[in-house]
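The values are calculated or read from the model by the stated rules, or taken from the named source; none is laboratory data. Predicted model, so just to flag it, every value in this text is computed and none were measured. No Cβ is skipped: glycine too gets one built from the backbone with ideal geometry, and neighbour counts run over all protein chains shown.
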Amino acid sequence: MTAPGTVYLVGAGPGDPELITRRGLRRLREADLVLYDALVHPDQLSEAKPDAKLVFVGKRAGRVSQRQAEINRQLVEAARDGKTVVRLKGGDPYLFGRGSEEAELLASEGIPFEVVPGVPSPLAATAYAGLSLTHRALASSVAYVTATESVAKDRASHDWSKLATATQTLVIFMGMRKLDSLATLLIENGRPPDTPAAVVQWASLPTQRTVVGTLADIHQRASKAGLGLPALTIVGEVVRLRSRLRWFDTKPLFGKRILVTRAVHQAGSLAAILRDEGAQPILAPTIRIAPVTDRAPLRDAIAGLHRYDWILFTSSNSVEIVLSAIEEAGLDLRALAGVKVCAIGDKTRLALGSRGIVADLVPKDARAEGVIAELRPLLAEGSRILLPRAEIAREVLPDSLREAGAEVDVVAVYRNLSPWPKDVERIRSLIDPSESDAVLFTSSSTVENLFELLGPDGADRLGALDLFSIGPITTQTAERLGLAIAATSAAQTIESLVETARAYYAPTGDADD
């Protein structure tokens, strides 16, 4: 008989994918089956192992969802099959999340389980909105209360005569649809109409919206702003802190929906930087990296490394492919003894460093022209240079080096391909002002591939968005295709590219309530 697996009730946190705990992330990575809710961020799901089964069991007010009985059945059956199961729940499993009910069921069925707490939504909603649940001078007590599905039941479910004034701060879950009646209940039971109140929607995400008012007018203000679910309502004097404590929604890129066109395996670092700036990164990879079909030239170059004076690495892709080929040949870093290494770009330098190689030269200007200017004085007549690079690339670098008297062997080690057909329609749908605000182009290939997949009206559709380029060569490619670049990065790094977008949007000023 198969021993039962363990079910982990894991709190995913309030929305921001980085607010899951380390333990929760570890359990997610171990899972064979993940049953996840509607408010779980997709980036967290990407942490699951490749063969894990991901099942959406979202439960959102006003929408069709999995019945709890069906969720319970899947938890028990998977565990009895010996699987490791993660029940991934928004916020904390035990705070209005029915996690305790699921735990009771598992205990009654003899299924081993563990609860991994998560960051509760009230903590995130107040922190990210510039509020505070408690404050030495304003509030030393907090109450959490959940609204029900009807006004009549709201009146009967809680003792409002005590609850309305029992604590200085009151947090109401699921109250957005009946904000007017709830505010009336609080006023009727002793809360002054001028008590500060705030509604926070999509807490901790770039889509977060915050509306501030009083019990007397918060319903009108929130309705006028178009706020909906998911949202929390905070009532109390701590709401007055927002003017001094807000930090998240004042970032220059806050709320900007920015398309990241890099290949999937490279997009994570850029998305993280954008998220730090308050933006909403949307992965729209217009290129994918694939090895070349014929690897014989690379194998020949590896076998003859001792003949070269320099190796020029143009990207982190070329670093990983060449060093992997060295290992596949049964060699190690000693094969590079006597060969100088040039890293074009800081990311390339870091990729080399992660493999124990310190570059002899890192040109300040990553363009071919800049590389040649710094490398030329270091070359002797007849210097042998190995240049592993993309299959299709500019010829300026090898041609100029040959003009300087060097012998250059260009070896194609990878290809920049168009996105998978299954991704094309999704990317097309994102090129619309209703879906995104800007596009970051990180190479000429990302421009050309996106332009091609959009078809004849590509220039018009892209013209409705702000386009940012990582460098002058990429900008030239875009302009050749009839695209207007809003701003070009000063340095050819993703950090500089994000700073360029940040500076472009900064003059718009702080967001208002």
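Here are a few things to note about the model shown:
- Of the criteria (1) modelled with pLDDT under 95; (2) assigned to a helix (DSSP H, G or I); (3) buried (at least 18 other Cβ atoms within 10 Å of the Cβ), which one ASP460 fails: (3)
- VAL439 surrounded by 16 or more Cβ atoms within 10 Å (Cβ to Cβ), hydrophobic (A, V, I, L, M, F, W, C), outside the structural domain of LEU131 (by TED's automatic domain parsing) and assigned to a helix (DSSP H, G or I): no
- In the range 475-501, the residues that are surrounded by fewer than 17 Cβ atoms within 10 Å (Cβ to Cβ) reach residues that are in a loop (DSSP other than H, G, I, E, B) with C-beta atoms within less than 7 angstrom, at least six apart or across chains, in these pairs: GLU479/ILE485; SER496/SER489; SER496/ALA490.
To keep it simple, each residue is scored yes or no on (1) more than 29 Å from the chain's Cα centre (by Cα); (2) outside any loop (DSSP other than H, G, I, E, B); (3) small (Gly, Ala, Ser); (4) at pLDDT below 90.
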| residue | (1), (2), (3), (4) |
| --- | --- |
| GLU381 | yes, no, no, yes |
| LEU386 | yes, yes, no, no |
| ALA393 | yes, no, yes, yes |
| ARG415 | no, yes, no, yes |
| LYS422 | no, yes, no, yes |
| GLU448 | no, yes, no, no |
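- Among the residues making up the range 360-377, those that are touching a residue at least 40 places away in the same chain (Cβ under 8 Å) and aliphatic (A, V, I, L, M) are ALA366, VAL371, LEU375.
- The range 90-127, residues that are outside any loop (DSSP other than H, G, I, E, B) and more than 19 Å from GLY24 (Cβ to Cβ): GLU101, GLU104, LEU105, ALA107, SER108, ALA125, THR126
- Filter result (free of Cβ contacts under 8 Å to residues at least 40 places away in the same chain, among the aliphatic types (A, V, I, L, M) and buried (at least 16 other Cβ atoms within 10 Å of the Cβ)) within the range 164-186: ALA164, ALA183, LEU185
- In the set (1) within 25 Å of GLY13 (Cβ to Cβ); (2) at pLDDT below 95; (3) out of contact with any Ser or Thr (no Cβ under 6 Å at 6 or more places or on another chain), the condition left unmet by THR210 is number (2).
Yes or no, residue by residue, for (1) at pLDDT 95 or above; (2) among the small types (Gly, Ala, Ser); (3) in the same structural domain as ALA203 (by TED's automatic domain parsing):
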{"position": "VAL239", "(1), (2), (3)": "yes, no, yes"}
{"position": "SER243", "(1), (2), (3)": "no, yes, yes"}
{"position": "HIS265", "(1), (2), (3)": "no, no, no"}
{"position": "LEU270", "(1), (2), (3)": "no, no, no"}
{"position": "ILE282", "(1), (2), (3)": "no, no, no"}
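- Selection status of GLY356, part of a loop (DSSP other than H, G, I, E, B), in the same structural domain as ALA303 (by TED's automatic domain parsing) and closer than 15 Å to TYR308 by Cα: no
- Test: ARG428 is surrounded by fewer than 20 Cβ atoms within 10 Å (Cβ to Cβ) and either farther than 28 Å from TYR504 by Cβ or out of contact with any strand residue (DSSP E or B) (no Cβ under 6 Å at 6 or more places or on another chain) (or both): yes
- Test set (1) within 30 Å of THR442 (Cα to Cα); (2) at pLDDT 95 or above; (3) crowded, with 18+ Cβ neighbours inside 10 Å - TRP247 fails condition number: (3)
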